[in-house]
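The values are calculated or read from the model by the stated rules, or taken from the named source; none is laboratory data. All values derive from a computational prediction rather than experimental measurement. Cβ placement follows ideal geometry from the backbone for every residue including glycine, while neighbour counts extend to all protein chains displayed. The accessibility values were calculated without ligands, DNA or RNA, using every heavy atom of the protein model including side chains. Shrake-Rupley method; radii C 1.70, N 1.55, O 1.52, S 1.80 Å.
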Amino acid sequence: MFLLQAPQVCELESFTTMPDALRHPERSDWADANRSGAVTDSFLEGPVFDAAGHLYVADIPWGRVFRIDPQGAWTLVAEYDGEPNGMKFLDERTLLITDYKNGLMRLEVATGRISPYLQRRNSERFKGVNDLVFDAEGNLYFTDQGQSGLHDPSGRLYRLRPDGRLDLLLANVPSPNGVALSPDGRVLYLAVTRGNCVWRVPLLPDGSVAKVGQFFTSYGPSGPDGLAVDDQGRLLVANPGLGLVWVLNHRAEPVQVLRGVPGSSLTNLAFGGADRRTLYVTDSTHGRILRARLEAPGLALHGLNKG
């Protein structure tokens with residue numbers, strides 16, 4: 001009989017917490033729909049690092065993007081009428097944002113200027129875009145989650161090619177959320193929050209997908225959210241309902257578990273530091289960033305204009 005080895009359990013440490021002066025302890029339309037009306041002074045998502053080592057995070061209900069320096073100091077970069085979620089760099093000066101309210105938006109980080117990037121598909125609004133990732137060729141994969149779930153498995157996965165063509169790859173997902181690519185770019189991992197699992201999506205040479213399967217199954221009140229991959233090909237899964245991050249090997253076996261404090265909601269994650277060996281995690285219910293030092297560095301992220 002083959003017995004699985006118990007995963008190593010590690011505690012996440014606190015890196016920085018949003019200052020009280022930046023919090024909005026008020027009701028919002030987003031919280032009314034997504035937090036059962038609870039007062040939500042912030043909800044952090046979309047962590048991503050720039051080349052200088054600054055961490056950018058989005059605050060969904062209040063339409064804000066912050067920059068956090070290596071010492072943990074916060075600066076407001078942009079505030080606008082939107083609900084920003086996932087973020088990746090298009091180039092060194094420009095963030096691309098999946099905005100639930102507005103579609104894909106562009107942010108010039110030096111000026112804070114927000115402009116549309118892709119707001120509609122064939123004149124139809126998106127359900128509510130959530131997360132995104134670029135491959136080495138500049139193809140952009142992004143999720144369109146909306147309010148989909150097991151009651152309405154109509155969430156979508158898109159690919160936007162560098163020439164502007166938009167491909168609908170999946171249209172039957174019960175709450176598509178985080179996305180990440182394997183080191184060779186041939187497999188896309190897709191967090192399916194309401195299905196409490198992660199799908200494995202093979203990307204075929206002709207541009208299609210086939211034999212999509214369920215790679216990992218979690219449990220609890222809220223399933224997988226943000227995803228990342230390290231250079232060993234291990235998948236890291238932020239699981240907000242459990243307050244932890246799974247580190248999975250190629251067989252989806254948990255080899256390590258990173259645990260937040262009780263009551264934390266770990267929504268998304270990004271590798272940072274000069275060697276990309278430190279994992280930074282958004283704890284959305286506390287408005288703070290946690291971190292842990294890992295043995296393997298994260299994969300370098302691609303953008304539209306850089307490999």
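Loop-located trypsin sites (Lys or Arg not before Pro) in the stretch 241-307 (DSSP state other than H, G, I, E, B) with a sparse environment of at most 15 neighbouring Cβ atoms within 10 Å: ARG251.
I'd like the chymotrypsin sites (Phe, Trp or Tyr not before Pro) in the stretch 211-307 restricted to DSSP loop residues with at most 15 other Cβ atoms within 10 Å, sorted by number.
Sparse-neighbourhood loop chymotrypsin sites (Phe, Trp or Tyr not before Pro): TYR219.
I'd like the carbon and sulfur percentage of the solvent accessible area for the chain, probe radius 1.4 Å, heavy atoms only, ligands and nucleic acids excluded. It would help to have the intermediate numbers written out before the result.
Details: 6350 of 13390 Å².
The C+S portion of the solvent-accessible surface of the chain is 47 percent.
Loop-resident chymotrypsin sites (Phe, Trp or Tyr not before Pro) (DSSP state other than H, G, I, E or B) in the stretch 1-65 with no more than 13 further Cβ atoms inside 10 Å of their Cβ: PHE2.
Taking the DSSP bridge list for the stretch 8-293 and keeping only pairs wholly inside it, about 95 percent are antiparallel.
Determine, for each peptide in 32-42, 146-156, the mean count of other beta carbons within 10 angstrom over its residues, then list the peptides with the highest first.
Averaged packing, sorted descending, gives the order 146-156, 32-42.
Taking the convex hull of the Cα atoms, report for the chain its projected area averaged over all directions, in nm². Computed as one quarter of the Cα hull surface, the answer is 15.6 nm². Values of log10 I(q)/I(0) for the stretch 8-53 across q = 0.24, 0.26, 0.27, 0.28 Å⁻¹ run -0.95, -0.99, -1.01, -1.03, by the Debye formula with one identical scatterer at each alpha carbon and no solvent.
Run the numbers on the chain and let me know its relative contact order in percent, using alpha-carbon pairs under 8 Å that are six or more apart. Kindly include the intermediate steps, with their values, before the conclusion.
Values: 862 pairs, mean separation 47.9, N = 307.
Averaging sequence separation for qualifying contacts and normalising by length gives 16 percent for the chain.
Taking θ as phi - 60° and the Karplus parameters 6.51, -1.76 and 1.60, the scalar couplings of the stretch 261-274 work out to 5, x, x, 6, 10, 8, 9, 7, 7, 7, 7, x, x, 4 Hz in sequence order, x denoting glycine and proline.
Put simply, the amide H of GLY243, placed in the peptide plane, has neighbours under 5 Å in LEU266, leaving out anything fewer than 5 places away on its chain.
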